[in-house]
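Written out below as structure tokens is the structure these notes cover.
The values are calculated or read from the model by the stated rules, or taken from the named source; none is laboratory data. The structure displayed is predicted, hence computed values, not measured ones. A quick note on method: Cβ atoms are made from the backbone with ideal geometry, for glycine too, and the neighbour counts reach across all protein chains shown.
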2 protein chains.
Amino acid sequence: MKDDRLSAIRHYLFEKTSASIHEIAEAVGASLPTVRRDLLTLETEGAVHRTHGGARIADSAGIEAAFEVREQTCIAAKRAIGLTAYADLRPDMSVFLDAGTTVLQVARRIRMNPLPISVFTNCLAVAQVLTDIRDVQVTLLGGRLRSRNASVLGALAESMLDRLWFDQLFLGASTVGDDGCTYTMDEDEARLNEKMITRAARTTVLADASKFGQRATYQVTRLDDRLDLITDDSLASHWLDKLAQAGCRTRTVGFDADESAELDGDAA
Amino acid sequence: MKDDRLSAIRHYLFEKTSASIHEIAEAVGASLPTVRRDLLTLETEGAVHRTHGGARIADSAGIEAAFEVREQTCIAAKRAIGLTAYADLRPDMSVFLDAGTTVLQVARRIRMNPLPISVFTNCLAVAQVLTDIRDVQVTLLGGRLRSRNASVLGALAESMLDRLWFDQLFLGASTVGDDGCTYTMDEDEARLNEKMITRAARTTVLADASKFGQRATYQVTRLDDRLDLITDDSLASHWLDKLAQAGCRTRTVGFDADESAELDGDAA
DNA sequence: CAACTTACGATCATAAAGGATCAAAGCATG
DNA sequence: CATGCTTTGATCCTTTATGATCGTAAGTTG
């Protein structure tokens, strides 16, 4: 199918940066003329740059592709976590959705089965997913745009939070360190996340097991009795013990490995 | 029953992201023509995106789909107007881009030929176009999301403007009435537009000739000596007289079909 | 500078998919 | 119970996409 092939070529070029036509043709299992046509399409879209004998990923498409790749990693776990988080929603709630691929899954669930809620977010992708849904009132935080995860940050965003209050906050995390704290890769994002927590009656952190045990630069918050956590059931038990000891209300959700396998397969 | 099947297809596509017609037909136990009809229905609802041989779940259909239809009307004029507006930009300026299809063309120009500027906008589509461009600092206004033109509105957006100041504002308009005033179709948008004008050293209204002589509900501003206007050269001369009389600095730009063909590629 | 190699674009044939029309079956209503 | 409407499935025809072949252009090497 053409669409899948285009997507596959983009991902292939994202990983390899540049590749020959032959290489691409073999990778996606298509003939050379077809690959040429596809590259022509992708070039007009601005996603790739064609060269003699091959093609290179366009600079601007790099971040976009990186976002797609991150969204696809641990997709089954993220989906399951998103479903559990979604189940916490009740009509007429005021919910804040943080920027991140796991939280984005909650937004997708809402899009699938809308209920009358007010959604606040600092993530353009979330806003985009929830556009045009009856009963869902979307409010976007203002501020400086950070392209990596399509979020808004900065002093403007922080001061806007001062005037808002949420029943529920779903918070993402880049990593969860051995010290039992969540981390992000951006200073402003960390500060904004901290502030979100102070503006929500209840905060639920969404983080799949693969994020545990790593460390990013900027600490956000300790996972203690102020917070809920939803993760997947592949998390090592010593983590669960540590979390329980800290008083963090943890829920683990199961997910089917088949689902992720299926979705990995359709890339090629 | 039809509704059950539509729901089943939605859920199936949500899980799989994309699937072939055969796959869907087998999954829901219906014939191929039926599945096609269902997908047609779902596509008009904006729930899925059809491709050759299959369909995929609509991720971001909201913003671009609603926009694209209107974007194509008078596209040549809008592009020419956008180019002229772009030529007014200088490095290190602070520019506000209003929400609208004509102003969006300015953003596309900036993407094609970036220069170091700060861009402020209340339009998600503009923000999206200007994502990932080195040298272009994008700041998005916060507020309630209005899906029709992917803009943010409301008290939050207005109060955010109080703390900002721009060298240049490019303002769109739904219509320009016989009274020489610009109009929009939304009350909040009109109020926000008014406020934008007070926060900018210079305001340039972008409106192609087709918008003149119509009337929408909410008045924004009079086209007088406080404002610049860029329109196309198909505007009737009695309009030009009227604008000159009001003191509005008006520029008309020519456009021909060749120029629009030149820029077809940058749409995505 | 010339010849050879390689890649590119165009055209064409083929196979698959989409759209349209039509007939039949199910359901509601008079 | 009959009639009419909606819905479904089958067949036709058109469109689209893909892959092969050929001529041409470009790049490389002697």
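Some points to look at:
- The condition of being modelled with pLDDT under 95 and within 14 Å of another protein chain (Cβ to nearest Cβ) holds for A:Arg148.
- Note on the range A:106-135: residues that are in contact with a Lys or Arg (Cβ under 7 Å, 6 or more places away or on another chain) and within 16 Å of A:Ser151 (Cβ to Cβ) total 2.
- Looking only at residues of the range A:4-23 that are part of a helix (DSSP H, G or I) and within 11 Å of DNA strand C (Cβ to nearest atom), we find that the one that is surrounded by the fewest Cβ atoms within 10 Å (Cβ to Cβ) is A:His22.
- Screening B:Ala216, B:Ala200, B:Ala190, B:Ala207 for residues that are at pLDDT 95 or above, surrounded by 17 or more Cβ atoms within 10 Å (Cβ to Cβ), closer than 23 Å to B:Leu240 by Cβ and out of contact with any Lys or Arg (no Cβ under 9 Å at 6 or more places or on another chain) leaves exactly one candidate, B:Ala207.
- Residue that is farthest from B:Glu23 (Cα to Cα), among those in the range A:31-40 that are within 14 Å of chain B (Cβ to nearest Cβ) and either under 27 Å from the mean Cα position of the chain (by Cα) or within 9 Å of DNA strand D (Cβ to nearest atom) (or both): A:Arg37
- Among the residues of the range A:190-223, those that are more than 16 Å from the chain's Cα centre (by Cα) and among the β-branched types (Val, Ile, Thr) comprise A:Ile197, A:Thr198, A:Thr203, A:Thr217, A:Val220, A:Thr221.
- Residue that is nearest to A:Arg215 (Cα to Cα) [pool: residues in the range A:177-203 that are in a loop (DSSP other than H, G, I, E, B) and in contact (Cβ under 8 Å) with a residue 60 or more places away in the chain]: A:Gly180
- Subset tally (residues that are under 22 Å from B:Met93 (Cβ atoms) and crowded, with 18+ Cβ neighbours inside 10 Å) for the range B:219-235: 5
- Long-range neighbours under 8 Å by Cβ, at least six apart or interchain, first residue away from chain B (no Cβ under 12 Å) within the range A:1-25, second of a type in the set (Lys, Arg) and assigned to a helix (DSSP H, G or I): A:Ile21/A:Arg36; A:Glu23/A:Lys16
- Scanning the range A:50-63 for residues that are within 13 Å of another protein chain (Cβ to nearest Cβ), out of contact with any Phe, Trp or Tyr (no Cβ under 9 Å at 6 or more places or on another chain) and more than 9 Å from DNA strand C (Cβ to nearest atom) yields A:Ala58, A:Asp59, A:Ser60, A:Ile63.
- Only one of A:Gln168, A:Gln137, A:Gln105 that is at pLDDT 95 or above, surrounded by fewer than 21 Cβ atoms within 10 Å (Cβ to Cβ) and either over 30 Å from A:Ala244 (Cα atoms) or within 14 Å of chain B (Cβ to nearest Cβ) (or both): A:Gln137
- Positions within the range B:121-134 being more than 9 Å from chain A (Cβ to nearest Cβ), among the aliphatic types (A, V, I, L, M) and farther than 25 Å from A:Ile117 by Cα, in sequence order: B:Val126, B:Val129
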